[in-house]
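Structure incoming, see below.
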Amino acid sequence: MKPTPHDLDQLRRLIASARSITVLTGAGVSAESGIPTFRDAQTGYWARFRPEDLATPEAFRRDPDLVWRWYAERRRAVLGVTPNAGHRALARLEGRVERFSLVTQNVDGLHARAGSRTVIELHGSILRVRCFKSCVSYTAGTDKAATGAPEAEAVFAADTPPRCPHCGDFLRPDVVWFGESLPEDAIEAAVAATEQCDLFLSVGTSTVVYPAAMLPDAARDAGATVVEINPQETPFSARASLSIRGTAATVLPAVIE
Ligand code: BJW
Ligand code: ZN
């Protein structure tokens with residue numbers, strides 16, 4: 001689906017005149033890096049797996065090895081790809097507006113690798129693991145865990161979830177599963193950025209998973225212009241000020257020179 005030149009012009013003008021921009025991204029932004037989305041028919045993860053088997057705390061309790069292996073495979077995939085032109089355009093935009101916030105539902109770390117300095121991660125990161133009881137957290141490369149804890153790389157290389165050196169419970173991916181609360185600081189920062197921006201971009205998200213899905217409406221209610229960039233219609237499309245039917249890696253570089 002190709003965006004019209006008129007739509008792109010309109011978005012260029014909105015970006016040029018905005019003083020405060022907040023961007024919400026979803027899995028669609030990483031699709032052109034080769035990372036599957038969740039809900040796209042055929043290619044999305046949920047076309048092959050049931051979310052309740054993999055992305056809930058109950059699923060992890062039931063079959064920790066299965067869930068751990070799924071995330072280990074995805075972590076390897078993420079580390080094997082590179083950010084695309086959409087991620088890079090958003091990193092450029094950060095330095096060009098008075099106030100800019102990037103809020104992502106993605107756990108792949110690709111925004112940071114593209115050069116975005118501040119990223120509000122609503123659903124955590126696949127590059128970190130933490131204790132199921134939340135007593136320690138490890139980040140790849142920068143091991144924040146207490147002395148005696150296994151190195152991040154060794155943790156990630158394991159075929160089965162390693163045990164927390166503190167309490168003996170399993171280590172798990174530091175992501176937000178269905179039924180779990182989002183990190184409080186992240187959702188607070190996202191809501192604040194949403195309510196104070198004058199332009200809000202919703203890019204590559206199906207806007208069906210709450211509470212992230214409420215952000216475009218919250219921006220609209222607070223008086224912002226809300227633009228959606230997505231090759232498909234979403235439940236939010238009809239309420240967007242402008243809904244651009246195109247992909248992140250084509251539209252974003254075209255409007256952020
Ligand atoms: C392109 C493109 C290209 C393709 N360019 N675009 C009933 C009613 C209402 C709410 C609920 C309910 N039952 C349960 C809930 C709450 C639940 C929820 O919202 N469920 C809905 C599905 C109904 N939410 C939660 O549970 C959240 N927690 C919560 O609410 O806590 C409070 C609470 C506590 C206790 C009890 C109840 C409530 C937590 C949600 C966590 C979501 N986690 C996941 C997994 C993260 C880890 C992992 O990666 O494995 O997050 S699920 C998955 O969906 C992932 C994503 O971040 C999230 C959003 O998906 P996203 O990014 O929008 O991707 P897709 O695939 O859906 O869409 C991709 C889009 O891209 C499409 O539109 C394409 O067209 C487009 N696209 N190519 C641009 N090139
Ligand atoms: Zn522990």
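Looking at region 82-115 only, could you name the residues that are among the polar types (S, T, N, Q) and under 22 Å from Pro216 (Cβ atoms)?
Of everything in region 82-115, those that are among the polar types (S, T, N, Q) and under 22 Å from Pro216 (Cβ atoms) turn out to be Ser101, Thr104, Gln105, Asn106.
Residue by residue, here is whether (1) over 19 Å from the mean Cα position of the chain (by Cα); (2) more than 8 Å from ligand 1 (Cβ to nearest atom) holds:
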{"position": "Gly34", "(1), (2)": "no, yes"}
{"position": "Thr37", "(1), (2)": "no, no"}
{"position": "Phe49", "(1), (2)": "yes, yes"}
{"position": "Glu52", "(1), (2)": "yes, yes"}
{"position": "Pro57", "(1), (2)": "yes, yes"}
{"position": "Phe60", "(1), (2)": "yes, yes"}
{"position": "Leu66", "(1), (2)": "yes, yes"}
{"position": "Arg69", "(1), (2)": "yes, yes"}
{"position": "Arg74", "(1), (2)": "no, no"}
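OK, next. Inspect region 31-39 for any residue being assigned to a loop (DSSP other than H, G, I, E, B), closer than 21 Å to Pro216 by Cβ and hydrophobic (A, V, I, L, M, F, W, C) and give the result as yes or no. Explain how you work it out, then say what you get.
In the first step, residues of region 31-39 are kept if they are assigned to a loop (DSSP other than H, G, I, E, B); the result is 32-39.
Still in the running and closer than 21 Å to Pro216 by Cβ: 37-39.
If we keep only those that are hydrophobic (A, V, I, L, M, F, W, C) as well, we get 38.
Yes, that holds for at least one residue.
Right, something else. Can we say Ala27 is farther than 27 Å from Val191 by Cα, among the aliphatic types (A, V, I, L, M) and out of contact with any Cys (no Cβ under 6 Å at 6 or more places or on another chain)?
Working: farther than 27 Å from Val191 by Cα: no; among the aliphatic types (A, V, I, L, M): yes; out of contact with any Cys (no Cβ under 6 Å at 6 or more places or on another chain): yes.
No, not satisfied.
Hey, among Ala224, Ala192, which residue is of a type outside the set (D, E, K, R), open to solvent by 50 Å² or more (accessible area, probe 1.4 Å), more than 11 Å from ligand 1 (Cβ to nearest atom) and outside the structural domain of Ala41 (by TED's automatic domain parsing)? Before you say what the answer is, go through the steps one by one.
On the way: Ala224 fails: open to solvent by 50 Å² or more (accessible area, probe 1.4 Å).
None of the others qualify; the one that does is Ala192.
Also: Is it the case, given these coordinates, that Val29 is at pLDDT below 95, under 17 Å from Gly124 (Cα atoms), surrounded by 18 or more Cβ atoms within 10 Å (Cβ to Cβ) and within 11 Å of ligand 1 (Cβ to nearest atom)?
Values: at pLDDT below 95: no; under 17 Å from Gly124 (Cα atoms): yes; surrounded by 18 or more Cβ atoms within 10 Å (Cβ to Cβ): yes; within 11 Å of ligand 1 (Cβ to nearest atom): yes.
So Val29 does not fit the description; no.
I'd like the residue in region 156-180 that is of a type in the set (Gly, Ala, Ser) and more than 28 Å from Ser237 (Cβ to Cβ) and, out of all such residues, is nearest to ligand 2 (Cβ to nearest atom). Let's see the steps before the verdict.
Initial filter on region 156-180 (of a type in the set (Gly, Ala, Ser)): 157-158, 168, 179.
After this cut, where a residue has to be more than 28 Å from Ser237 (Cβ to Cβ) as well, the list is 157-158, 168.
Working: Ala157: 20, Ala158: 16, Gly168: 7 Å.
The extreme case among them is Gly168.
Would you be able to tell me the number of residues in region 86-103 that are under 14 Å from Ala248 (Cβ atoms) and in contact with a Leu (Cβ under 7 Å, 6 or more places away or on another chain)?
The qualifying residues number 5.
Yes/no per residue for (1) free of Cβ contacts under 8 Å to residues at least 24 places away in the same chain; (2) outside the structural domain of Pro253 (by TED's automatic domain parsing); (3) within 16 Å of ligand 2 (Cβ to nearest atom):
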{"position": "Ala41", "(1), (2), (3)": "yes, yes, no"}
{"position": "Tyr45", "(1), (2), (3)": "yes, yes, no"}
{"position": "Leu54", "(1), (2), (3)": "yes, yes, no"}
{"position": "Arg69", "(1), (2), (3)": "no, yes, no"}
{"position": "Glu98", "(1), (2), (3)": "no, no, no"}
{"position": "Asn106", "(1), (2), (3)": "no, no, no"}
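The values are calculated or read from the model by the stated rules, or taken from the named source; none is laboratory data. Quick caveat: nothing in here was measured; it's all calculated off a predicted structure. Neighbour counts run over all protein chains shown; Cβ positions are idealised from the backbone, glycine included. Remember, those area values only see protein heavy atoms, side chains included, never the ligands or the DNA or RNA. Shrake-Rupley method; radii C 1.70, N 1.55, O 1.52, S 1.80 Å.
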